[in-house]
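I am attaching a structure below and will ask some questions about it afterwards.
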Amino acid sequence: MTTPPLAPYPHTRLRRVRQSDWVRRLVRETEVRPSDLIWSMVVHEGEGTIPVASMPGVERFSVKEAAKAAVRARDLGIPAIAIFPHIDGSRKDATGSIAADPDGVIPRAVKAMKDAAPEVGIMCDVALDPFTDHGHDGVVEGGKILNDATIERLIEQGLMQAEAGADILAPSDMMDGRIGKLRAALEAASYQDVMIMSYAAKYASAFYGPYRDAIGSAKLSAGPNGTGLGDKKTYQMDPANTEEAIREVALDIAEGADMVMVKPGMPYLDILRRLVEEFRMPTYAFQVSGEYAMIMAAAQNGWIDKDRAILESLTAFKRAGAAGIITYFAPWAAEKLGG
Ligand code: PBG
């Protein structure tokens with residue numbers, strides 16, 4: 001892009017177009033709308049709502065509350081909701097056997113939400129970590145996350161979610177080859193309209209901390225009774241890498257992903273921008289739990305202005321090229337922004 005030749009000061013005064021609200025609105029380059037938002041939401045197996053301590057303002061919803069939330073999303077103009085399960089610890093095991101249970105909280109929530117507000121898209125995480133007692137996203141054997149054995153489980157889980165009525169499946173585990181296998185399984189089972197949003201560039205990040213609290217996932221432990229793996233670095237990406245993100249995304253697109261995602265969000269805006277420029281695919285940013293918690297904690301202390309900080313963060317994603325933002329702030333932001 002070329003910059004037009006600028007007349008030297010004082011003929012050019014860049015402040016002229018900032019002098020009042022009407023002209024600032026007129027020259028504004030990016031705008032966040034409710035239609036840019038995917039509401040990130042946790043559902044639980046019990047009744048009512050349960051606040052998440054590390055994410056003030058976020059509550060786990062029962063199936064019934066999730067259905068009400070879907071109606072609220074529709075009324076607010078939020079196009080889609082991404083749901084994540086909180087599973088009781090006593091029902092977890094080493095292989096996450098109940099991940100594909102057709103009577104589980106996720107399929108029940110999907111059905112209730114689609115019944116209540118069929119116009120709202122429902123996205124499901126395809127991953128085992130909410131269901132494993134060790135907290136990893138994969139099947140663990142001998143201190144190793146088994147890639148191909150995990151994919152088998154993800155396919156069962158994904159097909160179950162499609163059967164329940166999920167519109168978008170979002171594999172979030174970073175196993176190799178899962179997009180192609182899942183696409184093939186969906187096609188074979190006549191779910192050709194079910195979309196895949198790949199968590200294609202997902203980093204091994206400290207910013208997922210409060211999510212563990214939100215979904216009640218097990219604390220990763222290397223030993224003495226752990227899996228030998230105290231972190232997710234053998235599957236999620238090194239925060240230091242960009243070129244590897246390009247390879248990850250290229251593969252997922254080649255395998256049939258309809259949309260791709262960068263996660264976390266704000267610390268990775270450079271990756272987002274680069275991927276949008278490189279691939280021109282619908283590319284989404286996940287403003288994760290830790291990003292949410294940081295803004296809320298600072299706001300509660302009176303250190304930042306909550307409203308402005310949230311809208312500024314969402315605007316930053318749009319400016320960097322995001323087609324949309326997965327965020328816990330969605331209902332709040334949609335209310336502020338109006339339909
Ligand atoms: C699990 C998953 C995680 C998140 C979404 N899906 C956590 C992780 O990968 O460790 C994070 C969401 C958030 O922090 O808001 N596959």
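The values are calculated or read from the model by the stated rules, or taken from the named source; none is laboratory data. The structure displayed is predicted, hence computed values, not measured ones. For neighbour counting, all protein chains shown are included, and Cβ atoms are generated from backbone atoms with ideal geometry for every residue, glycine included.
Residues that are under 25 Å from V140 (Cβ atoms), touching a Gly at 6+ places or on another chain (Cβ under 9 Å) and part of a helix (DSSP H, G or I): does the range 234-256 have at least one?
yes
Moving to a separate point now. Suppose we keep only residues that are under 26 Å from E243 (Cα atoms) and surrounded by fewer than 18 Cβ atoms within 10 Å (Cβ to Cβ) within the range 210-232. Which one would you say is farthest from the ligand (Cβ to nearest atom)?
Taking the range 210-232 as the starting set, the residues that turn out to be under 26 Å from E243 (Cα atoms) are 229-232.
Keeping just the survivors that are surrounded by fewer than 18 Cβ atoms within 10 Å (Cβ to Cβ) gives 230-231.
On the way: G230: 13, D231: 9 Å.
Within the range 210-232, the match that is farthest from the ligand (Cβ to nearest atom) is G230.
Name the single residue, out of those in the range 161-209 being more than 14 Å from the ligand (Cβ to nearest atom) and of a type in the set (K, R), that is nearest to the chain's Cα centre (by Cα).
So, considering only residues that are more than 14 Å from the ligand (Cβ to nearest atom) and of a type in the set (K, R), the one nearest to the chain's Cα centre (by Cα) is R183.
Please enumerate the residues belonging to the range 292-308 that are within 18 Å of K336 (Cβ to Cβ) and surrounded by 16 or more Cβ atoms within 10 Å (Cβ to Cβ).
Y292, I295, M296, A299, I304, K306
Residue by residue through the range 73-90, note down the ones that are surrounded by 14 or more Cβ atoms within 10 Å (Cβ to Cβ) and either closer than 21 Å to S217 by Cα or modelled with pLDDT under 95 (or both).
I81, A82, I83, F84, P85, H86, I87
Find the strands (runs of 3 or more DSSP E) located wholly in the range 96-209 whose residues include 3 or more that are within 25 Å of A70 (Cβ to Cβ), and list them. Full working, then the answer.
Values: elements: 121-126, 139-141, 144-146, 168-171, 195-202.
Qualifying strands (runs of 3 or more DSSP E): 121-126, 168-171, 195-202.
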